[in-house]
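Note sheet for the following structure.
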């Protein structure tokens, strides 16, 4: 009774009935008397109700969806006439005819009309008087029938029995409202304030939980006393049901134990979810997770933690936000490969073939990988090393990881660390944060589905930091073999074993890597390629790859080694092969365009074709510039993209002995120039230089390509040689380059990046190179094939450098310095 219900007059449901809504008037005796005096119209438009019965005096909202019903309501509202509301015999009939309707209905008045956004019409109507349908008048556009008045037979005022029935109805109604948890207590005020006896009976009958047939039976009773008795009978049944339900619920709450209570609640939730059509219920998810957990190879500690978190999810309401976070967390635990390892392939010959097939050169790296495999094959329990491939871009550091994974038979995972500034990207977020997720390490392990993949950490030197923490510090635990056996992720909240993962980091520079992080890695220097190596890489790897990517094969374009060498020398100036790859792609596109447009083209590429497609050679400035001017020396420099040659020029001008340095050079190079100048002043007599020159001439040192920043101590010997050549007017030997640091005592110190510098010298057609004696070991580590055509002079003192670098005779038109 009084429980909010949904009604409909057609295929759309009515709005819920609210007992204390503002539009529900409480009919007074005077209102009822006025209403009874109103006459029933001779004919009425008939509005069929699908699953409810309207009673006199009662106000209800209805929503019409059928065209006939909408037309009827619009017409009646426009004309301001009453309508006849009649219940259908069978609520499933979509378009009821005259025979499908009950004969007794209620004359109703439209109080309010609303146009809904979905196109339906919602109206609020109030029942007035009962009537009985006579003959049908029209069927289109809606049913119209003759209406006959059906008056109520009312008991006399002195009828004590009727008064007792009315009082009992009020009493039972108040009890039902009090005992039922679904009925708001405000409904009791409505019952208490009803003055009219007939409206009380109609109001209670309208809101009882009865079938349409039962309500229609009550409506058809003419005698008000009999109608009140029938209503009272149904109310007694309703109260008894309510008492029985409350009694059973009380006994169940007292008797069932904790396990039975949980089962009962789960069954209720299952029923509700099935009724709502919500798909997989929460208890089904829990059962599925429990079944998946049985197949996991985790230890007791992880199992205990999982069971604890699963029980926590069972106690959660599926509608709260924390439920989805908990479910994602348990899914992560189940998806992680706990103690799942791929089997390593220890066929070292096969591994070597794969490495040679995918990468030309890189002998030291391949040697280290094979050493690792050999030790792992013998012990089978060695902790994976942390390798760091250090070298310029485009030399194959990243792609090497794929080859290693294939050689080992492991899964391959790669993450890029460039520009990463948030520590949570490594360690994950705590579950309490909105949008929390595990770190990229755990996510990648989950993706790999094994606990021992080959894991490439790309661009580890480009890790940054911000107010969100220092990711490089978070990487310490990942890359420390003594700690990563229990790597702690903030989201996972447990340790995960990373000790079997083979980490391979790549880096272009070691200077920006945190020292503690660098200490945990084994640095393997991946130097640049010689011209010969680049030609082989272009022929064996890059050209076939580009042909395939452009939908061609080797029959469509042929580039011989001399032409590839011309591309390398004239259009690339890097240590790697990335620029070479781009230039070869242009050549392939030239062939692809010609084929697509059915034009003639050179199937076999010549030097003229290379110039035609790529334009004039752009890298001629890398060649050695021979000249007869004193003070010009060729130096060797290391850059992040490999080695390069460096020209240092010096010139004298009348002045007071000032030293000026230009060329966008750094502080260290300026200091090298100052050291060289002071050394020359201190040893002027031994060098055959008149010391008066220093007071009468200004010295200007310039390093060309001023737009490029340059710094480092390697230009020390080059600057000193340039100044001595300038002061003595003795020219520097042809095809000679040098590198090394100097001291005020004239000592030559070793420098780094030797292989890159040697490769740059070969590209520039240098024949002789001056190096520090201590750099001899670096030359001995380089493949002898790369050193063909080069002569090395090892020095330890500046006097040796000047003796080897400067010719005896002065340059033509030498300046007279005094």
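Could you tell me whether residue 516 is farther than 26 Å from residue 469 by Cα and at pLDDT 85 or above? First the steps, then the outcome.
On the way: farther than 26 Å from residue 469 by Cα: no; at pLDDT 85 or above: yes.
Answer is no for this residue.
Please specify each residue of the range 730-746 satisfying the condition of being under 17 Å from residue 712 (Cα atoms) and assigned to a strand (DSSP E or B).
737, 738, 740, 741, 742
From 585, 591, grab the single residue that is crowded, with 21+ Cβ neighbours inside 10 Å, assigned by TED's automatic domain parsing to the domain that holds residue 547 and more than 17 Å from residue 616 (Cβ to Cβ).
Values: 585 fails: crowded, with 21+ Cβ neighbours inside 10 Å.
Just a single option satisfies the conditions, and that option is 591.
Of the residues in the range 204-226, how many are touching a helix residue (DSSP H, G or I) at 6+ places or on another chain (Cβ under 8 Å), assigned to a helix (DSSP H, G or I) and under 18 Å from residue 52 (Cα atoms)? Break it down stepwise before answering.
Within the range 204-226, the first condition is being touching a helix residue (DSSP H, G or I) at 6+ places or on another chain (Cβ under 8 Å), and the residues that meet it are 204-206, 208-210, 214-215, 217-219, 221, 224-225.
Keeping just the survivors that are assigned to a helix (DSSP H, G or I) gives 204-206, 214-215, 217-219, 224-225.
From what's left, under 18 Å from residue 52 (Cα atoms): 204-206, 214-215, 217-219.
Counting residues in the range 204-226 that are touching a helix residue (DSSP H, G or I) at 6+ places or on another chain (Cβ under 8 Å), assigned to a helix (DSSP H, G or I) and under 18 Å from residue 52 (Cα atoms) gives 8.
Within the range 170-190, track down each residue that is surrounded by fewer than 18 Cβ atoms within 10 Å (Cβ to Cβ), farther than 16 Å from residue 245 by Cβ and within 54 Å of the chain's Cα centre (by Cα).
184, 185, 186
Can you tell which of 288, 243 is modelled with pLDDT under 85 and more than 54 Å from the chain's Cα centre (by Cα)? I'd like the intermediate steps shown before the answer.
Values: 288 fails: more than 54 Å from the chain's Cα centre (by Cα).
Answer to the selection: 243.
Pick from 769, 782: which is under 51 Å from the mean Cα position of the chain (by Cα) and either surrounded by fewer than 22 Cβ atoms within 10 Å (Cβ to Cβ) or modelled with pLDDT of 85 or more (or both)? Explain how you work it out, then say what you get.
Numbers: 769 fails: under 51 Å from the mean Cα position of the chain (by Cα).
Only one candidate qualifies: 782.
For the list (1) farther than 22 Å from residue 417 by Cα; (2) surrounded by fewer than 16 Cβ atoms within 10 Å (Cβ to Cβ), I need the number of the one condition that residue 546 fails.
(2)
Read through the list (1) within 16 Å of residue 451 (Cα to Cα); (2) modelled with pLDDT of 85 or more; (3) touching a helix residue (DSSP H, G or I) at 6+ places or on another chain (Cβ under 8 Å), then give the number of the only condition that residue 382 fails.
Condition (2) is where residue 382 drops out.
Only one residue in 152, 197 is crowded, with 20+ Cβ neighbours inside 10 Å, more than 60 Å from the chain's Cα centre (by Cα) and either assigned by TED's automatic domain parsing to the domain that holds residue 234 or in contact (Cβ under 8 Å) with a residue 12 or more places away in the chain (or both). Which one? Talk me through it step by step, then tell me what you get.
Working: 152 fails: crowded, with 20+ Cβ neighbours inside 10 Å.
After applying the criteria, what remains is 197.
Would you point out which residue out of 534, 554, 566, 545 is under 37 Å from the mean Cα position of the chain (by Cα) and either assigned by TED's automatic domain parsing to the domain that holds residue 610 or in a helix (DSSP H, G or I) (or both)?
Details: 534 fails: under 37 Å from the mean Cα position of the chain (by Cα); 554 fails: under 37 Å from the mean Cα position of the chain (by Cα); 566 fails: under 37 Å from the mean Cα position of the chain (by Cα).
Just a single option satisfies the conditions, and that option is 545.
Might you check whether a residue that is part of a helix (DSSP H, G or I), touching a strand residue (DSSP E or B) at 6+ places or on another chain (Cβ under 7 Å), buried (at least 18 other Cβ atoms within 10 Å of the Cβ) and in contact (Cβ under 8 Å) with a residue 12 or more places away in the chain occurs anywhere in the range 341-353? I'd like the intermediate steps shown before the answer.
Of the residues in the range 341-353, the ones part of a helix (DSSP H, G or I) are 348-353.
Still in the running and touching a strand residue (DSSP E or B) at 6+ places or on another chain (Cβ under 7 Å): none.
No, there is no match, as no residue in the range 341-353 is part of a helix (DSSP H, G or I), touching a strand residue (DSSP E or B) at 6+ places or on another chain (Cβ under 7 Å), buried (at least 18 other Cβ atoms within 10 Å of the Cβ) and in contact (Cβ under 8 Å) with a residue 12 or more places away in the chain.
Within the range 614-629, is even one residue at pLDDT below 85 and over 30 Å from residue 563 (Cα atoms)?
Checked the range 614-629: at least one residue is at pLDDT below 85 and over 30 Å from residue 563 (Cα atoms).
Looking only at the range 785-809, count how many residues are in a helix (DSSP H, G or I) and modelled with pLDDT under 85. First the steps, then the outcome.
Within the range 785-809, the subset in a helix (DSSP H, G or I) is 785-787, 798-805.
Right, trim to modelled with pLDDT under 85 and you get 785-787.
Residues that pass the stated criteria total 3.
Quick one: in the range 119-137, of everything that is over 60 Å from the mean Cα position of the chain (by Cα) and without any contact (Cβ under 8 Å) to a residue 40 or more places away in the chain, which residue is nearest to residue 220 (Cα to Cα)?
Taking the range 119-137 and keeping what is over 60 Å from the mean Cα position of the chain (by Cα), we get 127-137.
The next check asks that each one be without any contact (Cβ under 8 Å) to a residue 40 or more places away in the chain; those that pass are 132, 134-136.
Working: 132: 9, 134: 15, 135: 18, 136: 20 Å.
The qualifying residue nearest to residue 220 (Cα to Cα) is 132.
Looking only at the range 447-458, filter to residues that are out of contact with any strand residue (DSSP E or B) (no Cβ under 6 Å at 6 or more places or on another chain) and crowded, with 19+ Cβ neighbours inside 10 Å; which one of those is nearest to residue 391 (Cα to Cα)?
So in the range 447-458, the residues out of contact with any strand residue (DSSP E or B) (no Cβ under 6 Å at 6 or more places or on another chain) come out as 447, 449-452.
Now narrow it down to the ones that are crowded, with 19+ Cβ neighbours inside 10 Å: 451-452.
On the way: 451: 29, 452: 26 Å.
It comes out as 452.
Please work out if residue 306 is surrounded by 11 or more Cβ atoms within 10 Å (Cβ to Cβ) and either more than 30 Å from residue 154 (Cα to Cα) or modelled with pLDDT under 80 (or both).
Details: surrounded by 11 or more Cβ atoms within 10 Å (Cβ to Cβ): yes; either more than 30 Å from residue 154 (Cα to Cα) or modelled with pLDDT under 80 (or both): yes.
So residue 306 fits the description; yes.
Restricting the search to the range 76-100, which residues are exposed (fewer than 15 other Cβ atoms within 10 Å of the Cβ), closer than 20 Å to residue 111 by Cα and either in contact (Cβ under 8 Å) with a residue 40 or more places away in the chain or in the same structural domain as residue 217 (by TED's automatic domain parsing) (or both)?
81
Show the residue pairs that are 6+ apart or on different chains and have beta-carbon atoms under 8 Å apart, the first residue being within the range 357-379 and farther than 28 Å from residue 755 by Cα, the second being assigned to a helix (DSSP H, G or I).
If the second residue must be assigned to a helix (DSSP H, G or I), the pairs left are 374/348; 377/348.
Can you tell me which residue is surrounded by the fewest Cβ atoms within 10 Å (Cβ to Cβ) among those in the range 317-340 that are in contact (Cβ under 8 Å) with a residue 24 or more places away in the chain and part of a loop (DSSP other than H, G, I, E, B)?
The extreme case among them is 339.
Hand me the list of helices (runs of 4 or more DSSP H) wholly inside the range 632-718 holding 1 or more residues that are buried (at least 18 other Cβ atoms within 10 Å of the Cβ), in contact with a strand residue (DSSP E or B) (Cβ under 6 Å, 6 or more places away or on another chain) and on the phi < 0 side of the Ramachandran plot. Explain how you work it out, then say what you get.
On the way: elements: 667-682, 684-687, 693-696.
The qualifying helices (runs of 4 or more DSSP H) are 667-682.
Of the residues 495, 551, which is more than 21 Å from residue 762 (Cβ to Cβ), at pLDDT 85 or above, touching a strand residue (DSSP E or B) at 6+ places or on another chain (Cβ under 7 Å) and surrounded by fewer than 20 Cβ atoms within 10 Å (Cβ to Cβ)?
Numbers: 551 fails: touching a strand residue (DSSP E or B) at 6+ places or on another chain (Cβ under 7 Å).
Within the list 495, 551, the selection yields 495.
Before we move on, is residue 106 crowded, with 17+ Cβ neighbours inside 10 Å and at pLDDT below 90?
Working: crowded, with 17+ Cβ neighbours inside 10 Å: yes; at pLDDT below 90: no.
So residue 106 fails the test.
The values are calculated or read from the model by the stated rules, or taken from the named source; none is laboratory data. These numbers were taken from a predicted model, which means no experiment stands behind them. For neighbour counting, all protein chains shown are included, and Cβ atoms are generated from backbone atoms with ideal geometry for every residue, glycine included.
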